[in-house]
Amino acid sequence: MAYLGIDLGTSGLRALLVSDTGQPLGATERHYDAAHPQSGWSEQDPADWITALEGAVAELGAAHPEFAGLRGIGVSGHMHGATLLDASGAVIRPCILWNDTRSHAEAARLDATEGVRALSGNIVFPGFTAPKLEWVRAHEPENFARIDKVLLPTAYLNHYLTGAFFADMSDSAGTSWLDTGARDWSEELLAAGHMRRDQMPALVEGSEAGGTLRPDLAARWGVNASVVVAGGAGDNAAAACGIGTMNEGQGFVSLGTSGVLLAARDGYHPAPETALHTFCHAVPERWYQMGVMLSATDSLNWLARITGTTPAELTAPLGEALQAPGRVRFLPYLSGERTPHNDAGIRGSFTGLGADTTRDDMARAVLEGVAFGLRDSQRALEATGLRLERLLAIGGGARSRYWLKLIATVLDVTLELPAGGEFGAALGAARLGMVAAGEASVSEVMTAPEISEEIAPEPALTEAFDEAYTRFRAAYGPTREIQ
């Protein structure tokens, strides 16, 4: 028996095949592009996702005989995207992605609507799904009139795989249409966004069966016709499943394009005033909260691009010994910010530059600015009564030992590094497929990886970074203050 985890990313799709014990058998990736027709717009053709999926499956099927014993599939992916289908099932327009900010005015209007925050548990961010549909209603009325179903990217892949319309709770919580505490579509939220329940997919838990693989796909893929497709999950909920972040007191920091500080919660503790995201977890009766900064490794990538170098070349001269905070300060708001500002228009800056400033000084300032941005999210989580003493560190930025020491010291937490091996969203999706197929329970498969190393804060520099963080916050000006 085998299980397939599919992680639909913004820039590519990753497919992971695991055994019935959860051990990786094989993995592959396919890449595609996003379109940016105007400044602040970000779109993708869902047909590219299908091409990527079919190519990945064909490769895994040819390379691994175990694929023929496929029993379950789970899909994770980037959240908030609006994939619009007409009554015939055809895609009406390109999917508007999570990092598209065109609907900032619509988001502000919805966010100011009475009861919206209370029901959804969240600020209505411009990247969420509901304001995207309000933008389509205002600017593309012909397309809006044709809408029969609105599907998130993961739900669109679920539909392709099964022919059914279903979505999981974790992904749906990022639409501003879900009553996140009740785990159901809200008639009031739908009405506020001029949508109807019949335009929504059915809701299932991420670890529950949502449907079975279409017979024609099963025949073409050479697998049994009874392959179960799980509800799946949004990317961060799936990553939490992949590294066992399931219970109160467990959390991780992810240094990817965006930066995420995520904590599992045993109950529902919304705090929209902090600009935290409060979403359903991918398993029943659990939730998670996360602070999100939009430019984490993206800030380092930007500096590398304009200096004609690479991120690795920028960080290598810093070595591994943590230095005291530098004079140069960087605000990491290259694409706006979510936690704590909720401001699509805010932008980054360098201050403290002098004639003696070097490229190394600027690189160090970028790393410090991102670390301080993560501390903003930590403060927001602490405002809900949660203090995390340890965090798993994942994502591409976690390859920088200097950055990890810096973040551990700025947050005053111990960072744990997973041992080499498979973890993350694709594994989490495969685990959801295992549970949905009846192979095992959540507690049996949603386990933490072996830890290879711990990175503790450096007490001798804690006070210096506390003072530097205070100066960083002073640069906010009139923007959002963390409660």
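The values are calculated or read from the model by the stated rules, or taken from the named source; none is laboratory data. No experiment lies behind these values; they were computed from the predicted model shown. All Cβ positions, even for glycine, are placed from backbone atoms using ideal geometry, and neighbour counts span all protein chains on display.
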- Looking at region 8-29, which of the residues that are within 19 Å of the chain's Cα centre (by Cα) and not in a loop (DSSP other than H, G, I, E, B) is nearest to Met79 (Cα to Cα)? Leu8
- Counted residues in region 101-122 being closer than 22 Å to Gly259 by Cα and either surrounded by fewer than 24 Cβ atoms within 10 Å (Cβ to Cβ) or free of Cβ contacts under 8 Å to residues at least 12 places away in the same chain (or both) come to 3
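Might you let me know whether region 351-363 holds any residue that is buried (at least 20 other Cβ atoms within 10 Å of the Cβ) and either of a type outside the set (Lys, Arg) or touching a strand residue (DSSP E or B) at 6+ places or on another chain (Cβ under 6 Å) (or both)? It would help to see each step written out before you state the result.
Here is the first cut: in region 351-363, the ones buried (at least 20 other Cβ atoms within 10 Å of the Cβ) are 363.
Filter again for either of a type outside the set (Lys, Arg) or touching a strand residue (DSSP E or B) at 6+ places or on another chain (Cβ under 6 Å) (or both), leaving 363.
Checked against the condition, which is being buried (at least 20 other Cβ atoms within 10 Å of the Cβ) and either of a type outside the set (Lys, Arg) or touching a strand residue (DSSP E or B) at 6+ places or on another chain (Cβ under 6 Å) (or both), region 351-363 yields at least one hit.
With the condition kept exactly as written, say whether any residue in region 163-184 is outside any loop (DSSP other than H, G, I, E, B), of a type in the set (Ser, Thr, Tyr) and at negative phi. Working first, answer last.
From region 163-184, those outside any loop (DSSP other than H, G, I, E, B) are 166-172, 178-179, 184; that's our starting set.
Of the ones still in play, those that are also of a type in the set (Ser, Thr, Tyr) are 170, 172.
If we keep only those that are at negative phi too, we end up with 170, 172.
The answer is yes, given that some residue of region 163-184 is outside any loop (DSSP other than H, G, I, E, B), of a type in the set (Ser, Thr, Tyr) and at negative phi.
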- Query: Since Leu16 meets every condition but one in (1) farther than 22 Å from Ala239 by Cα; (2) crowded, with 18+ Cβ neighbours inside 10 Å, which condition does it not meet?
  - Reply: (1)
- Message: Could you tell me how many of the residues in region 152-191 are buried (at least 19 other Cβ atoms within 10 Å of the Cβ) and either outside the structural domain of Phe125 (by TED's automatic domain parsing) or out of contact with any Leu (no Cβ under 9 Å at 6 or more places or on another chain) (or both)?
- Response: 5
- Name the residues in region 312-337 that are surrounded by 13 or more Cβ atoms within 10 Å (Cβ to Cβ), without any contact (Cβ under 8 Å) to a residue 60 or more places away in the chain and in a helix (DSSP H, G or I), would you? Glu313, Leu314, Ala316
- Message: Among the numbered criteria (1) among the aliphatic types (A, V, I, L, M); (2) surrounded by 21 or more Cβ atoms within 10 Å (Cβ to Cβ); (3) assigned by TED's automatic domain parsing to the domain that holds Leu152, which one does Leu203 miss?
- Response: (2)
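Is it the case that Asp356 is more than 21 Å from Gly256 (Cα to Cα), without any contact (Cβ under 8 Å) to a residue 60 or more places away in the chain and either in a helix (DSSP H, G or I) or among the β-branched types (Val, Ile, Thr) (or both)? Even if it seems obvious, please write down each step before you answer.
Numbers: more than 21 Å from Gly256 (Cα to Cα): yes; without any contact (Cβ under 8 Å) to a residue 60 or more places away in the chain: yes; either in a helix (DSSP H, G or I) or among the β-branched types (Val, Ile, Thr) (or both): no.
No, not satisfied.
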- Message: Exactly one of these conditions fails for Thr101: (1) over 23 Å from the mean Cα position of the chain (by Cα); (2) assigned to a loop (DSSP other than H, G, I, E, B). Give me its number.
- Response: (1)
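For region 417-436, which positions are surrounded by fewer than 19 Cβ atoms within 10 Å (Cβ to Cβ) and either without any contact (Cβ under 8 Å) to a residue 60 or more places away in the chain or in a strand (DSSP E or B) (or both)? Spell out how you get there, then give the answer.
Here is the first cut: in region 417-436, the ones surrounded by fewer than 19 Cβ atoms within 10 Å (Cβ to Cβ) are 417, 419-422.
Residues satisfying the conditions are Leu417, Ala419, Gly420.
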- Message: Quick check on region 418-436: of everything there that is touching a helix residue (DSSP H, G or I) at 6+ places or on another chain (Cβ under 7 Å) and modelled with pLDDT under 95, which residue is nearest to Ala282 (Cα to Cα)?
- Response: Ala425
- Item | Members of region 44-58 found to be in contact (Cβ under 8 Å) with a residue 40 or more places away in the chain and buried (at least 17 other Cβ atoms within 10 Å of the Cβ), listed by number | Gln44, Pro46, Trp49, Ala52, Leu53, Ala56, Val57
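Check Pro270, Pro340 and return the single one that is touching a residue at least 12 places away in the same chain (Cβ under 8 Å), under 20 Å from Ser172 (Cα atoms), not acidic (Asp, Glu) and not assigned by TED's automatic domain parsing to the domain that holds Val124.
Numbers: Pro340 fails: under 20 Å from Ser172 (Cα atoms).
One residue alone meets the criteria, Pro270.
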